[in-house]
Structures are given as structure tokens and as C-alpha cells.
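First the structure, in the form of C-alpha cells, and then the observations on it.
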Amino acid sequence: YGVLLVLLGMLGGLVLGLWFVLDGAPAVSTAGVAGGLLWLTWVCFVWRAWRRSPVGQLRWRGSERPSLGASPGAWRWHSGSCPEGVLLRRVALAVDWQSVALLRLQPPEAPACWVWVERTRNPALWNDLRRALVAARP
């Protein structure tokens, strides 16, 4: 996720720089300044969003039931602020790039949270996680 954001930022900066160089205007234009400020605002927003992105572990417990009458098995999100884990109503696979995936976690009484999961965090269990996510699709 961080690498993707850095690449997008560099691409945006490169396009903006080429625009300045190839514009040919002798003075700095209002559009160029606006473009530079817009790019800088985007970089600051992305940096803040990346720093605030959730960090934790997603775990499956086959013996746990999310509610009475539900089929066995439940996902939990464990983080530094909640080490015992938050029971999730739903985990949806949004993007799967083989070694990273974007998931939408739905806690019972909170807004959905988007997280990137990476193979490098636990390579031995990566394929198990991907199989469970695909099998859980409606």
C-alpha cells in the first residue's frame, strides 16, 4: 500500500514537473501554482491516511459463533488498542493481487474499515487466508 502511494505521488510529481518544463511560459503561471498546491495537498493527505491506516491481525476462529443460530466460525480483528479482538460481522475481499489484498472489515456496530493484508507478514498462512476469503464470498 505504501509503495503504491509513493509511486502515485512520484508519477504525479513527474507529470507536474514535465508540465512546468514543457509549458514554455517565462513566468510561473497561476495554473502551475494551483497544480503544485493541489499535488502537495494530495501528498499530505495520503501521508496522513497511510500513517493512520489500521495495523493488526485478522484471525479466524472455527469454534466461535458470531450469534445464536449462526454457522460456526468467526473473524476477529486484533490490534494494539484491542488485543482480545473485535468480532467482525463480515470480511469481504475487494482486491486480490496475489501477494497483497484489500479487505473490507465490517464490525457489528461501527463503520466498515478497509485494510491491506500482505503475504510478507505471515507467508506460511497466506494461502490459507486467501482460500478462506474466497470461500466466504456470498
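The values are calculated or read from the model by the stated rules, or taken from the named source; none is laboratory data. All values derive from a computational prediction rather than experimental measurement. Please note that ligands, DNA and RNA were not included when accessible areas were found on the heavy atoms of the full protein model with its side chains. Shrake-Rupley method; radii C 1.70, N 1.55, O 1.52, S 1.80 Å.
Can you give the extra length, in nm with one decimal, that the chain gains between W42 and E109 once fully stretched, where that is 0.36 nm per residue apart less the Cα-Cα distance? Don't skip to the answer; put the middle values down first.
Details: separation 67, 0.36 × 67 = 24.12 nm, distance 3.09 nm.
Additional length available on full extension: 21.0 nm.
Test of understanding: what is the full-extension gain from V95 to R131, defined as 0.36 nm times their sequence separation minus their Cα-Cα distance? Please report the intermediate quantities before stating the final value.
Values: separation 36, 0.36 × 36 = 12.96 nm, distance 1.38 nm.
So the chain would gain 11.6 nm between V95 and R131.
Give me the percent of the accessible area of the chain that comes from carbon and sulfur atoms, probe 1.4 Å, all protein chains in place. Kindly include the intermediate steps, with their values, before the conclusion.
Working: 6320 of 9890 Å².
Here it works out to 64 percent.
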